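*Asks:* First the structure, then my questions, so here it is.
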Protein chains: 2
Amino acid sequence: MGPPPAQANGKQAGKNLVVPLSNGISVKKEESFSQWYQEVVTKCELVEYYTEISGFYILRPSSMYVWNTIRAWFQSRIEQMGVEETSFPMFLSSKSLEKEKEHVEGFAPELAWVTKAGDKDLEVPVAVRPTSEAVMYPYYAKWIRSHRDLPFRLNQWNSVVRWEAKQTTPFLRAREFMWQEGHTAHLTEQLAEKEVLEILELYAGVYEQLLAVPVVRGRKTENEKFAGGYWTSTCEGFIPSTGRGIQGATSHALGQNFSKMFDITVEDPNQKGEKIFVWQNSWGLSTRVIGVMVMIHSDNKGLVLPPRVSKFQVVIIPVGLTAKTTTEVRENLAKQIQDLAGSLKENGVRTEVDNREGYTPGFKFADWEMKGVPLRLEFGPKDAANSVVTYSRRDTGLKGTIPLAEVGSQVPVLLEKIQQDMYDKANEEFTSHRLTLTDWAEVVPALNNRNVVVIPFCGEPSCEERIKETTKSDEHRELGPDGKPQPSMGMKSLCIPFDQPSGLVQGETKCLNPECGSLAKSWVMFGRSY
Amino acid sequence: MGPPPAQANGKQAGKNLVVPLSNGISVKKEESFSQWYQEVVTKCELVEYYTEISGFYILRPSSMYVWNTIRAWFQSRIEQMGVEETSFPMFLSSKSLEKEKEHVEGFAPELAWVTKAGDKDLEVPVAVRPTSEAVMYPYYAKWIRSHRDLPFRLNQWNSVVRWEAKQTTPFLRAREFMWQEGHTAHLTEQLAEKEVLEILELYAGVYEQLLAVPVVRGRKTENEKFAGGYWTSTCEGFIPSTGRGIQGATSHALGQNFSKMFDITVEDPNQKGEKIFVWQNSWGLSTRVIGVMVMIHSDNKGLVLPPRVSKFQVVIIPVGLTAKTTTEVRENLAKQIQDLAGSLKENGVRTEVDNREGYTPGFKFADWEMKGVPLRLEFGPKDAANSVVTYSRRDTGLKGTIPLAEVGSQVPVLLEKIQQDMYDKANEEFTSHRLTLTDWAEVVPALNNRNVVVIPFCGEPSCEERIKETTKSDEHRELGPDGKPQPSMGMKSLCIPFDQPSGLVQGETKCLNPECGSLAKSWVMFGRSY
């Protein structure tokens, strides 16, 4: 979408104004979070609801930009590790599903079944992949013939379908979503485990380094681990406005469960004739990351994008032109702005100049604020006279000036500062709302005050189920998508943080659930969650 | 897949040899082309047949490398043009299909229908997209509100499903394939047409500049144009071994057909109150390109990759080591090979060193030849003594030496020469097998001699149908995938070449089909085809 064509020469600024097509965000983040979110993702043109089929969303160019930035970052790193790219079909046959029951049962209710091609019924219906373990592993059995083929690592970028019955939300829970799925095989448990954690660190890097989102790294409890897997590592985020935890991305140790089901073996290099079932991992990062970023950083003016993932990092807007401004001044200003943009681009800053005629600077300010561009530069005759440019930060609203001669060097530094400040702010929120508790009575009030909690926990699935029940609350803190207050959900375990608080004595400290009485195994982070 | 672990020190070369897992290509290209092709794509590890569901293929890392190279090349060029990226859902509802009948009828027999989610029947079945016009254009109507929004251009990289009843072939015809699909809207026919041809030129560039495949640019006849479109531009390739034409990629002018169906309008900037239906284009390039590349360049030893799309452009293989070779000589050689590889990498050459122990050089030669690496460098004590490296070209088998000191500068030049020579050879084949004919009696013999023909043609669909019938031949030239000879198909129109031969007089020259009698409108390229 190009800018509107330039107006006839000499037309006065301020006249013939174009009426803004979309108004700002009409709901406040602090008042109705879910409606606010809906407005932000649609009005800021991240997604469009696909009204033809519910639960599906169209990703528009600005979210694709974020996703492609993440993709390039992650892809280069896994290539370095030796992971190769592949593309498997999107369908799996009902036959291959039969092989791995435990895994499949987790996905069965959400499988989309193709039963017809044209007007003919298929002999055997096929399902759209909800994830590709069952699609890929029969071929791993064929391709992996020797320990020399290990580690065997493939990744694919695709979309998967999970026909959720639950309420869907753009990015967070959609019936189709884009992701990458890595599937690898290793000779030993230790080698596999090493990779699980390397990948988890990359996922945390996507959040922390690109999206300015702090996460807690940890391990899922038995209750929350991947269906059919061995253990699951995860990075968990936090949405301050609702006090809910949100799963960021997971990297699974599958152990030998799948290699036994699909007979993926190699001969033991140390013991001739003995066969070893390979140790497998799978790991995935989805477009959900974009939703987390939006929920944390954006505000009542719209999107706030971290500089590293913003298509435009800087927008330059000419200001201070009036009916009295001479053509000479206008032309000089235009020339200087061009130089300014050139100098920024030379310094690697993704820069846009908003030369649209017929719009007031005020309209342009609001428009680019809504779109989340991290830094606005204003430049008018007064700035020119003082040899400075005026800036305004999207994240804090902070304004200041930069000497013209230093724009090329100072702006990249300022952008990195914005990136860091956004992270620090979100991290401060997460840290101050992650309460380490040893008194059960404090748990529900803590949740109601928008915290997640870290408590001693026994690790038992049945105990976790009870906790989910007993922490439901009648207090209605949040409006649902229908605008009505919703009862608060119970808390579930988010992860067993790798970074454990002190104070838990093995064989002594009890699980905090008063109904339980078992010994606590570790500190576990619980919370209401998405 | 890493190399096998190094053997114990001092083990003699030639001992303890690993038996090659896959044998070479067992069928000759000139004897049974389709079986040869099947072996090449599978044994050279481009694809694996997805045996669970027929007509589907797994793309393995080496084909993904080619595809990603093409993707990056094309993506950077359309970004430059201002095309933005999007991602629409993979499903379309039966409702949106009703809107655009003509287009849909072309795809209806191949639609894969999802009728169930979990164990529940869907209220309204949804089809997997065969292409996304019907998915996207309702939103174009919403998003395009003013001529200021034009040109409006989106592209997506995805896979589409067409449940073909015909025989499927890896890359060429699969029930699911990857592609990009661009969908754009313009204010005028002229602006739209300009883009159609710009994109076609990029498609031709993918073939000619990356894949070393010559193509003929032209326009499709009415019979062969895109269902529901206005006119279709195409680049057409040629498979010398079978003498068949093959459609390379198409860029469609949709005219106003879809904008009228979906009501995509803007106000005429020159006439207030008048509405204009936008002029639309759609254009797509698929993984078919890889199949065309394989069919043209590969040979009885396996794959032959053009240097620009080969993951490894050079493989260095140590040679001339015997039981008598001293450790010192071995170590010196290893060091020199490392330097060699380093110098190549510094000069931007994608280089692999095959240090696998326990394999003879002969085995390694055959292995890398099968995988299609464009240039092999051999380096042994004799080469070291002469300060040269011996090379062998994959495309021609030509051998020679390069002074060690010049490897960094000469190899990139040699790789570009290989790229050019591969193109020239294929171009010479296409040119000499594209016969401009003015005598109908020569047509079928020409086809039987593995040519395509360029003939004066009236352009009528009914005449084209007759030509397809009357040019069928009993001569059995080719073995089918079942190994049995197949009757030769009739010819169909491939394109109306933009570059028209001379000699056709408008209002005088007749259509070459003797049954027709109408005047010829243009020279049209016909051929048996894929």
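*Asks:* Estimate for me the total accessible surface buried between chains B and A (protein heavy atoms, probe 1.4 Å, no ligands or nucleic acids), in Å² to the nearest 100.
*Replies:* Details: alone 25090 and 25080 Å², together 44590 Å².
Using a 1.4 Å probe, the pair buries roughly 5600 Å².
*Asks:* Per residue, how many Å² of accessible area does region A:82-231 show with a 1.4 Å probe? It would help to have the intermediate numbers written out before the result.
*Replies:* Numbers: 5320 Å² over 150 residues.
That works out to 35 Å² for each residue.
*Asks:* Nearest 5 percent is fine: what portion of the DSSP beta bridges confined to region B:292-393 is antiparallel?
*Replies:* 40 percent
*Asks:* Place a +1 charge on the Cβ of each Lys and Arg in region A:314-429 and a -1 charge on the Cβ of each Asp and Glu, then give the dipole magnitude about the Cα centre in debye, rounded to the nearest 20.
*Replies:* 300 debye
*Asks:* Among the listed pairs B:Lys425/B:Lys492; A:Lys324/A:Lys417; B:Lys220/B:Lys260; A:Lys364/A:Lys417; A:Lys99/B:Lys120, which are separated by more than 31 Å between their Cα atoms? Please list the in-between numbers first.
*Replies:* Details: B:Lys425/B:Lys492 26 Å; A:Lys324/A:Lys417 38 Å; B:Lys220/B:Lys260 23 Å; A:Lys364/A:Lys417 24 Å; A:Lys99/B:Lys120 23 Å.
Where the Cα-Cα span goes over 31 Å, the pairs concerned are A:Lys324/A:Lys417.
*Asks:* Shifting gears a bit: Under a Cβ-Cβ cut-off of 10 Å, what is the net charge of the residues other than B:Tyr530 that fall near it, where Lys and Arg count +1 and Asp and Glu count -1?
*Replies:* Working: positive: B:Arg173, B:Arg244, B:Arg288, B:Arg528; negative: none.
Computed value for this residue: +4.
*Asks:* Nearest 10 degrees is fine. How inclined is helix A:327-346 to the longest principal axis of chain A, computing both from alpha carbons?
*Replies:* Value to nearest ten degrees: 20.
*Asks:* Would you be so kind as to identify which of A:Thr390, A:Thr325, A:Gly400 lies farthest towards the positive end of the dipole of region A:314-429, taking Lys and Arg as +1 and Asp and Glu as -1 on Cβ and the Cα centre as origin?
*Replies:* A:Thr325
*Asks:* So, one more: For the full complex of protein chains and a 1.4 angstrom probe, list A:Met178, A:Met261, B:Met295 by accessible area with the highest value first.
*Replies:* Sorted by accessible area, descending: A:Met261, A:Met178, B:Met295.
*Asks:* From the backbone phi of region B:163-179, what are the Karplus-calculated ³J(HN,Hα) couplings (6.51 cos²θ - 1.76 cosθ + 1.60, θ = phi - 60°) in whole Hz, Gly and Pro given as x?
*Replies:* 7, 4, 8, 5, 3, 9, 9, x, 6, 6, 8, 10, 6, 10, 9, 8, 7
*Asks:* Let me ask something additional. In the protein assembly as shown, if the dipole is taken from +1 on Lys/Arg beta carbons and -1 on Asp/Glu beta carbons about the Cα centre, which of A:Gln190, A:Gly284, B:Tyr50 is farthest to the positive end?
*Replies:* Going by the Cα projections, it comes out as A:Gln190.
*Asks:* In addition: Mind pulling the angle between the C-alpha long axis of helix A:288-297 and the longest principal axis of chain A? Nearest 10 degrees, somewhere in 0 to 90.
*Replies:* Taking Cα atoms only, the helix is inclined about 50 degrees.
*Asks:* When we measure straight from the Cα of A:Lys166, which aspartates and glutamates land under 16 angstrom away, once same-chain ones fewer than 8 places off are left out?
*Replies:* Here the aspartates and glutamates satisfying the reach criterion relative to A:Lys166 are A:Glu110, A:Glu176, A:Asp482, B:Asp119.
*Asks:* Which whole-Hz couplings ³J(HN,Hα) result when phi for each residue of region A:220-236 is put into the Karplus expression 6.51 cos²θ - 1.76 cosθ + 1.60, θ = phi - 60°, listed in order with x for Gly and Pro?
*Replies:* Values, residue by residue: 6, 6, 3, 5, 10, 6, 5, 4, x, x, 9, 8, 10, 9, 8, 10, 10 Hz.
*Asks:* Per residue, what accessible area does region A:320-472 have, given a 1.4 Å probe and all protein chains present, in Å²?
*Replies:* Using a 1.4 Å probe on heavy atoms only, each residue of region A:320-472 averages 49 Å².
*Asks:* Sum -39500 (n - 2.57) across every DSSP H segment of at least 4 residues in chain A, then divide by the residue count to get the 222 nm mean residue ellipticity, nearest 500.
*Replies:* Dividing the helical sum by the residues of chain A leaves -10000 deg cm²/dmol.
*Asks:* Here's something else I'd like to know. May I ask for the angle, rounded to the nearest 10°, between helix B:361-371 and the longest principal axis of chain B, with both axes built from Cα atoms and the value confined to 0 to 90°?
*Replies:* 10 degrees
*Asks:* Still on this model: Can you give the net charge of the other residues whose Cβ lies under 12 Å from the Cβ of B:Val411, counting K and R as +1 and D and E as -1?
*Replies:* Neighbourhood net charge equals +2.
*Asks:* Quick check: the distance between the Cα centres of region B:383-419 and region B:271-349, to the nearest angstrom?
*Replies:* Each part's Cα centre sits 16 Å from the other's.
*Asks:* If you don't mind, another one. Tell me, what is the FRET efficiency for B:Glu105 and B:Lys260 to the nearest 0.05, using R0 = 22 angstrom and their Cβ-Cβ distance as r?
*Replies:* Details: r = 17 Å, r/R0 = 0.78.
So the FRET efficiency works out to roughly 0.80.
*Asks:* How many percent of the accessible area of region A:287-435 is carbon or sulfur, using a 1.4 Å probe?
*Replies:* Ligands and nucleic acids excluded, carbon and sulfur give 51 percent.
*Asks:* Suppose each label sits 7 Å from its Cα in the direction of the beta carbon; what would the B:Ser432-B:Thr401 distance come out to in nanometres?
*Replies:* Going by the 7 Å Cα→Cβ label model, 3.4 nm.
*Asks:* If you average the C-alpha positions of region A:134-169 and of region B:37-82 separately, how far apart do those two centres end up, in angstrom?
*Replies:* Region A:134-169 and region B:37-82 have Cα centres separated by 17 Å.
*Asks:* Suppose we compare each residue of region A:111-137 in its chain alone and in the full protein complex with a 1.4 Å probe; which ones drop by at least 30 Å² of accessible area?
*Replies:* When all protein chains are present, A:Trp113, A:Val114, A:Thr115, A:Lys116, A:Ala117, A:Gly118 each give up 30 Å² or more of accessible surface.
*Asks:* What is the distance, in nm, between label points placed 7 Å from the Cα along the Cα-to-Cβ direction at A:Glu123 and at B:Ala334?
*Replies:* Output for this residue pair reads 5.6 nm.
*Asks:* Between B:Ser94 and B:Lys510, what is 0.36 nm times their sequence separation minus the Cα-Cα distance? Round to one decimal in nm. Write out the running numbers ahead of the final one.
*Replies:* Working: separation 416, 0.36 × 416 = 149.76 nm, distance 4.55 nm.
Full extension of this stretch gives 145.2 nm more.
*Asks:* Go through region B:79-95 and flag every residue whose accessible area shrinks by 50 Å² or more with all protein chains in place compared to the isolated chain (probe 1.4 Å).
*Replies:* Residues meeting the cut-off: B:Glu84, B:Glu85, B:Ser87, B:Pro89, B:Met90, B:Phe91.
*Asks:* Could you give the nm distance between label points at A:Ala227 and A:Val413, where each point is 7 Å from its Cα heading toward the beta carbon?
*Replies:* According to this spin-label approximation, the distance is 5.4 nm.
*Asks:* Further question on the same structure: So what's the net charge close to B:Ile276: Lys and Arg +1, Asp and Glu -1, counting the other residues with Cβ under 15 Å from its Cβ?
*Replies:* Within the 15 Å Cβ shell, the charges total -1.
*Asks:* Let me ask something additional. Could you report the accessible area of B:Glu201 in Å², rounded to 10, computed with a 1.4 Å probe on the protein chains as they sit in the structure?
*Replies:* 90 Å²
*Asks:* While we're on this one: Place a +1 charge on the Cβ of each Lys and Arg in chain B and a -1 charge on the Cβ of each Asp and Glu, then give the dipole magnitude about the Cα centre in debye, rounded to the nearest 20.
*Replies:* Working: 61 positive and 67 negative charges, 229 e Å.
Using Cβ point charges on Lys, Arg, Asp and Glu, chain B gives about 1100 debye.
The values are calculated or read from the model by the stated rules, or taken from the named source; none is laboratory data. Not measured: the values here are computed from a predicted model. In this analysis, Cβ positions are derived from the backbone assuming ideal geometry, glycine residues included, and neighbour counts consider all displayed protein chains. SASA here: full protein model, heavy atoms, side chains in, ligands and nucleic acids out. Shrake-Rupley method; radii C 1.70, N 1.55, O 1.52, S 1.80 Å.
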